[in-house]
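These notes are about the structure you will find just below.
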Amino acid sequence: MRVTPCTAALAGAIGLNLLLLYCVWRGPGGSPPPSCRPPRGIPGVTVVLRDFEDFENDLVGTARSFASLPVPVVVAAETEPYPPVPLPEGIDFFPLRPAADRPPPLAHPEFRVRTRHVALVPDGARAVPGLLERMRDALEEGAGETRLVAAPVGSAPLRCLELRLEKREWTARYGPGTPGFCQAVEGPAVLLLRTRDLFALPFPLAQPVPTAIFIQAALRDWRLRVIPAAFPAARRSPVSPHGRWKSENLAETRRRRLMRDLGIKREVLADGRERWYGCGKETARCFGTVHARTPQYLLAGRWTPPCCLRALRETARHVAGVLENAGVRYWLEGGSLLGAVRHGDIIPWDYDVDFGIYREDVGKCRWLAAVAAAGEAVEDADGFLWEKAAEGDFYRVHYSRSNRLHVDLWPFYPRGGVMTKDTWLGHPQDVEFPEVFLLPRVPIPFAGFTAAAPNNARAFLELKFGPGAVENPEYPNPAVKRLEKD
């Protein structure tokens, strides 16, 4: 059969369309087929502009400066900047937010970066001929662990930082670094890395970009190399007070969203200051209902979120103060006493605090008396919520109405020299004990204050938990999760 040019063109168009349809198809993992992925072997550096505001930005000047080198320049944002920005010709805008009318492959940022390396450039930086190539050479000449290169923007040098991720404690801890051992930097910087490394990260273009990259890199033990050569910073008009307010609020929102996505609830800065991202008085607690005495975070290989420990310490200190001032005899019970004996604090994976109290003293505390009389929860002057527990004859004091982290108050009473109570929940350590342990009660450091405890804590704990309880820590329910397996 004779093939005419028209027939050949038609066949080619059909084949191209079939290929495009195939590339739009996505497998069960949500990624396009490997054969449709763009090659990333093209030498060169693509500049990505990501950290900028829709208002009062220098996006046009930054894009024009780097496009003059010339290198590919991509502007990445959830949506197109508003007010509209007249980007120079040839600058590619990439919307990060998925849209129903865009084919799936185009929703992947890696399809816009075809070069071997990528540079993440902050708003207001100015290009220097040859500097991106110097950064690239520094990356390729570095040791195998070096996967990032940073260069300052402006006249101030970058401060090298060590970054330690304490995953079980939900904490990112910064400290002074050394020039040969950086995991983060402080100050505006251009970051350069291999394209394949950037897009292998779960959150490659999350904001704030430097923090997102540093934390994800630290989780992978990547090293950062700093070069002293700097990119100039553009001279810009002072930001208006309204613009500064908007920028600060957006930065806080982005940082909180990033920390939530990365599973970080506390940052300890190099100067000792802390930033908190977990639950507070006005929010729900960071974990749901506890099943089989094993909170979900233990199954995920983590311990109690630090914000929850902070709230439990505050609640325990408040409750102990109220009870002492009212003349209610109390003592640390169960796992709370274990934590006090081991290290003077709440056990790092515990999710509540337990106090025992003398049942005959309940009426001495105005809040307990009010709960007992009305049968309803009562909020005290400091926002803590006192209530009768639904599970039996004991009381709970919650951090707040919204945040149900709590201290349990167990009313014991003496019977024939033995302390007993009316509600038993079937926990192995939930047993009667001789009253002599409370005659007298003794002070013990706990959670930042001095609490009351049985006079022979070790014997008390071994009666409750068995021999070696102090020296052999274990999760609340070893049948579900064992400490030694973590």
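Side notes on the structure shown:
- Hey, residue 126 of a type in the set (Lys, Arg), closer than 20 Å to residue 236 by Cα and buried (at least 17 other Cβ atoms within 10 Å of the Cβ) or not: yes
- Within the range 415-436, residues that are surrounded by 12 or more Cβ atoms within 10 Å (Cβ to Cβ) sit with their Cβ atoms under 6 Å from residues that are part of a loop (DSSP other than H, G, I, E, B) and of a type outside the set (Asp, Glu), at 6+ positions apart or across chains, in these pairs: 423/392; 423/394; 430/424; 435/417.
- Residue 350 being under 21 Å from residue 293 (Cα atoms), open to solvent by 10 Å² or more (accessible area, probe 1.4 Å) and in contact with a strand residue (DSSP E or B) (Cβ under 7 Å, 6 or more places away or on another chain): no
- Filtered residue count, the range 374-392, keeping only those that are part of a loop (DSSP other than H, G, I, E, B) and loosely packed, with under 13 Cβ neighbours inside 10 Å: 7
- Checking 341, 371, 362, 319 one by one, the residue that is touching a Pro at 6+ places or on another chain (Cβ under 7 Å) and in a helix (DSSP H, G or I) is 362 and no other.
- Any hit, the range 449-458, residues being touching a residue at least 40 places away in the same chain (Cβ under 8 Å), under 29 Å from residue 291 (Cα atoms) and in contact with a Ser or Thr (Cβ under 8 Å, 6 or more places away or on another chain): no
- Selection count where residues are open to solvent by less than 50 Å² (accessible area, probe 1.4 Å) and in a helix (DSSP H, G or I), scope the range 462-486: 2
- Matching residues, the range 122-162, being farther than 27 Å from residue 175 by Cβ and either touching a Leu at 6+ places or on another chain (Cβ under 6 Å) or not assigned by the TED database to the domain that holds residue 60 (or both): 127
For every residue, the table says whether it meets (1) assigned by the TED database to the domain that holds residue 308; (2) in contact with a helix residue (DSSP H, G or I) (Cβ under 8 Å, 6 or more places away or on another chain); (3) closer than 19 Å to residue 366 by Cα.
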position	(1), (2), (3)
390	yes, no, no
397	yes, yes, yes
434	yes, no, no
438	yes, no, no
441	yes, no, no
446	yes, yes, no
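- Search result, residues across the range 134-192 that are without any contact (Cβ under 8 Å) to a residue 24 or more places away in the chain and over 14 Å from residue 268 (Cα atoms): 137, 140, 141, 144, 177, 178, 180
- For the range 70-84, filtered to residues that are closer than 14 Å to residue 118 by Cβ and either open to solvent by 20 Å² or more (accessible area, probe 1.4 Å) or charged (D, E, K, R) (or both), the residue that is nearest to the chain's Cα centre (by Cα) is 72.
- Those residues of the range 170-182 which are assigned to a loop (DSSP other than H, G, I, E, B) and at pLDDT below 95, in sequence order: 177, 179, 180
- Reported count of residues in the range 393-420, each being part of a loop (DSSP other than H, G, I, E, B) and farther than 17 Å from residue 454 by Cα, is 10.
- The strands (runs of 3 or more DSSP E) found wholly in the range 81-162 and carrying at least 1 residues that are among the aromatic types (Phe, Trp, Tyr) and touching a strand residue (DSSP E or B) at 6+ places or on another chain (Cβ under 8 Å) occupy 92-95.
- Test for residue 121: is it under 20 Å from residue 187 (Cα atoms) and surrounded by 15 or more Cβ atoms within 10 Å (Cβ to Cβ): yes
- Helices (runs of 4 or more DSSP H) contained entirely in the range 194-283, each with at least 1 residues that are among the polar types (S, T, N, Q) and open to solvent by 40 Å² or more (accessible area, probe 1.4 Å): 241-262
- The set of residues in the range 448-486 being of a type in the set (Gly, Ala, Ser) and either over 21 Å from residue 317 (Cβ atoms) or outside the structural domain of residue 412 (by the TED database) (or both) consists of 459, 466, 468, 469, 479.
- Test: residue in the range 257-276 that is in contact with a helix residue (DSSP H, G or I) (Cβ under 8 Å, 6 or more places away or on another chain), farther than 17 Å from residue 117 by Cβ, of a type in the set (Phe, Trp, Tyr) and outside the structural domain of residue 52 (by the TED database): yes
The values are calculated or read from the model by the stated rules, or taken from the named source; none is laboratory data. Just so it is clear, the structure is predicted and the values come from calculations on it, not from any experiment. Every residue, glycine as well, gets a Cβ built from its backbone with ideal geometry; the counts of neighbours run over all protein chains shown. Quick note on the areas: whole protein, heavy atoms, side chains included, nothing else; ligands and nucleic acids left out. Shrake-Rupley method; radii C 1.70, N 1.55, O 1.52, S 1.80 Å.
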